[in-house]
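Data block below; observations after.
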Amino acid sequence: MFDELEHACQPGGIGGFLPAVKQIANVASLPGIVGHSIGLPDIHSGYGFAIGNMAAFDTADRSAIVSPGGVGFDINCGVRLIRTNLSEKDVQPVKEQLAQALFDHIPVGVGSKGIIPMGANDFEQCLEMGMDWTLREGYSWAEDKEHCEEYGRMLQADPTKVSARAKKRGLPQVSKGYS
């Protein structure tokens, strides 16, 4: 982390990224933060939030934010944001079982596979329709759209702009293939 900071201070910087240590400080000043902005041992520069930077935000605070960089939007990293009405008291007695169930059902890491049976044509439709595809296929509920950016569908989405290579890499992350 300190090497990254030193390189950022030299002429030429580090390619436009703020060093992780500055990103930790910036996160600490975000609206609605609870407690501290924390950097884990493997921290390094990210997109706004450093990779390995953790922070919690008070959902009761109307000025609080959810940062896409804080939930791994760039490569997902097995991170998911889920809104529930559960409190810590509700989860405490079952936290180990809950953590294991999440680990068992959320694909993570290189080579992980999704669970939805789909082929290339379905994937194209999913890319174009976004959450409307998942709704049509029974993988989501209509009210889920209220909690997604752009209601889960970018109307300007054009799957033809996504390279064949990216599609080939992305399909297994969603699909288990046809049985």
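The values are calculated or read from the model by the stated rules, or taken from the named source; none is laboratory data. Note that the structure is predicted; figures quoted are calculated from it, not measured. Cβ coordinates were reconstructed from backbone atoms using ideal geometry, including for glycine residues, and neighbour counts include every protein chain displayed. Side chains are part of the model used for accessible areas, which takes the heavy atoms of the whole protein and leaves out ligands, DNA and RNA. Shrake-Rupley method; radii C 1.70, N 1.55, O 1.52, S 1.80 Å.
Keeping to region 128-154, report how many residues are aromatic (Phe, Trp, Tyr), open to solvent by 70 Å² or more (accessible area, probe 1.4 Å) and either assigned to a helix (DSSP H, G or I) or touching a helix residue (DSSP H, G or I) at 6+ places or on another chain (Cβ under 6 Å) (or both).
So the count comes out to 1.
Could you list all residues from region 26-56 that are among the small types (Gly, Ala, Ser), in contact with a strand residue (DSSP E or B) (Cβ under 8 Å, 6 or more places away or on another chain) and exposed (fewer than 12 other Cβ atoms within 10 Å of the Cβ)?
Within region 26-56, Gly35 is the sole residue that qualifies.
If you check every pair at least six apart or on different chains, which have Cβ atoms under 6 Å apart with a residue in region 132-155 that is farther than 17 Å from Ile116 by Cβ first and a residue that is open to solvent by 80 Å² or more (accessible area, probe 1.4 Å) and part of a helix (DSSP H, G or I) second?
Lys145/Tyr151
Taking region 57-72, which residues are assigned to a loop (DSSP other than H, G, I, E, B), modelled with pLDDT under 85 and open to solvent by 40 Å² or more (accessible area, probe 1.4 Å)?
Once the filter is applied, which keeps residues that are assigned to a loop (DSSP other than H, G, I, E, B), modelled with pLDDT under 85 and open to solvent by 40 Å² or more (accessible area, probe 1.4 Å), region 57-72 yields Thr59, Ile65, Val66.
Taking region 9-43 only, how many residues are modelled with pLDDT under 70 and either closer than 15 Å to Gly70 by Cα or assigned to a helix (DSSP H, G or I) (or both)?
0
Within region 88-99, identify whether any single residue is modelled with pLDDT under 90, over 30 Å from Ser45 (Cβ atoms) and of a type outside the set (D, E, K, R), and answer yes or no.
For region 88-99, residues modelled with pLDDT under 90, over 30 Å from Ser45 (Cβ atoms) and of a type outside the set (D, E, K, R): absent.
Applying the selection to region 112-126, what residues are open to solvent by less than 80 Å² (accessible area, probe 1.4 Å) and either modelled with pLDDT of 90 or more or not aliphatic (A, V, I, L, M) (or both)?
Residues satisfying the conditions are Ser112, Gly114, Pro117, Gly119, Asp122, Phe123, Glu124, Gln125, Cys126.
Search region 73-87 for residues being at pLDDT 70 or above and not polar (S, T, N, Q), and hand back the single one that is nearest to Leu171 (Cα to Cα).
Quick first cut of region 73-87, residues at pLDDT 70 or above only: 83-87.
Imposing the further condition that a residue be not polar (S, T, N, Q) reduces the set to 83, 86.
Values: Arg83: 26, Leu86: 33 Å.
Here the answer is Arg83.
Just to be sure, is Arg165 open to solvent by 100 Å² or more (accessible area, probe 1.4 Å), modelled with pLDDT of 90 or more and of a type in the set (Lys, Arg)?
No; evaluated as a whole, the condition is false for this residue.
Any residue in region 113-121 that is under 18 Å from the mean Cα position of the chain (by Cα) and not β-branched (Val, Ile, Thr)?
yes
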